[in-house]
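The values are calculated or read from the model by the stated rules, or taken from the named source; none is laboratory data. Since the structure is predicted, the reported quantities are computational estimates derived from the model, not experimental observations. When we count neighbours, we look across all protein chains shown, and the Cβ atoms used for this are built from the backbone with ideal geometry, even at glycine.
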Amino acid sequence: MELKRMAGKEQSLQIRRSGEIEYLVFPGLEKDGAAKHLVSTRLGGVSKGIFATMNYNYKRGDDPAAVDENYRRTARLFGKTSDAFVCSDQTHTTNVRAVTAADAGKGVTRPKDYADVDGLVTDVPGLILCTSYADCVPLLFVDPIKRVVGCSHSGWRGTAAQMGRVTVEKMREVYGCEPDDILAAVGPSICRNCYEVGKEVADIFQGLFSRKPYTDIRIDEIVRDDHNGKYHLDLWRANEVILMAAGIRREHLFVTDLCTCCNPDYLFSHRASQGRRGNICAFIMLNGPQRAGI
């Protein structure tokens, strides 16, 4: 399948395959082998129809047995079983949960006992953190020094509320991470050319990026005014700026060049499919000795 990749952007993403499964990784996050991660594509699962084939969403009408199998196939990529997953319960908040071994399996092999969680962080090796997407922005984090990983879901609401900064602050607060040690990535999501928004959303971003610590950023880097009551929003650039302001070093930050909406046969896109779709996921796991029960 020939993919549309954004011209002029560094290709920080690499395509990898395992049997029928095709997935995406940021080689820059693999420093020191501290963590394993991937962003899924639509290829290599067993779901059918509008969910074909690697869908992870149980709530949109797919056969639950197919979703279970998709998780099992993904777990094997990590050398694990499905009870290693811990899933978010995302509702476009900036709530970030510090995950422990007691959370293993939640969202896949057993119910979640938490709600309104759009970000997950952990220092527990062997847990696979999981957040899901269909145009929103995956944010992935690795601290190879403190040995902490995280992933967060950042749609326009999460981005406007600075989810990247909130996740970095949670890693510092709970685990003592230093931002300039953290490796971070802005994952595959809708690009600026595809993401038309109205004035009410544009105004929120124009307000955010007119305040400190963002006053050195030109607003047209984030929001393009089409002068017809419509605007185009660059969530990739917005999250990049937010993460650097949170202390992530530019050389530790990797940004997608792959748009979900431009590639709807490869990545699920809510906008391209008009809502008839499944979900891709971002997964990340801290490497190291497995703890009991995981």
**Asked** Does any residue in the stretch 181-192 that is closer than 11 Å to THR260 by Cα come within less than 8 Å, Cβ to Cβ, of a residue that is at pLDDT below 95 six or more places away or on a different chain, and which pairs are these?
**Response** CYS191/MET6
**When residues of the stretch 6-59 are limited to those that are among the basic types (Lys, Arg) and either modelled with pLDDT under 95 or in a loop (DSSP other than H, G, I, E, B) (or both), the one surrounded by the fewest Cβ atoms within 10 Å (Cβ to Cβ)** = LYS59
**Prompt:** Can VAL174 be described as outside any helix (DSSP H, G or I) and under 25 Å from the mean Cα position of the chain (by Cα)?
**Reply:** no
**Request:** Sort through LYS80, LYS170 and tell me the only one that's surrounded by 23 or more Cβ atoms within 10 Å (Cβ to Cβ), among the basic types (Lys, Arg) and in contact (Cβ under 8 Å) with a residue 12 or more places away in the chain.
**Result:** LYS170
**Message:** Please determine whether any residue of the stretch 219-231 is among the β-branched types (Val, Ile, Thr), surrounded by fewer than 20 Cβ atoms within 10 Å (Cβ to Cβ) and over 30 Å from PRO144 (Cβ atoms).
**Reply:** yes
**Fill in**
Per the filter on the stretch 262-290, residues outside any loop (DSSP other than H, G, I, E, B) and closer than 29 Å to GLY33 by Cα are ILE280, CYS281, ALA282, PHE283, ILE284, MET285, LEU286
**Prompt:** Is it the case that the stretch 92-101 has a residue that's aliphatic (A, V, I, L, M), surrounded by fewer than 19 Cβ atoms within 10 Å (Cβ to Cβ), more than 28 Å from GLY275 (Cα to Cα) and touching a helix residue (DSSP H, G or I) at 6+ places or on another chain (Cβ under 8 Å)?
**Reply:** yes
**Request:** Within the stretch 197-206, identify whether any single residue is more than 18 Å from the chain's Cα centre (by Cα) and within 27 Å of HIS252 (Cβ to Cβ), and answer yes or no.
**Result:** yes
**Request:** Quickly run through the stretch 198-218 and pick out the residues that are surrounded by 14 or more Cβ atoms within 10 Å (Cβ to Cβ) and either among the basic types (Lys, Arg) or assigned to a helix (DSSP H, G or I) (or both).
**Result:** VAL201, ALA202, ILE204, PHE205, GLN206, LEU208
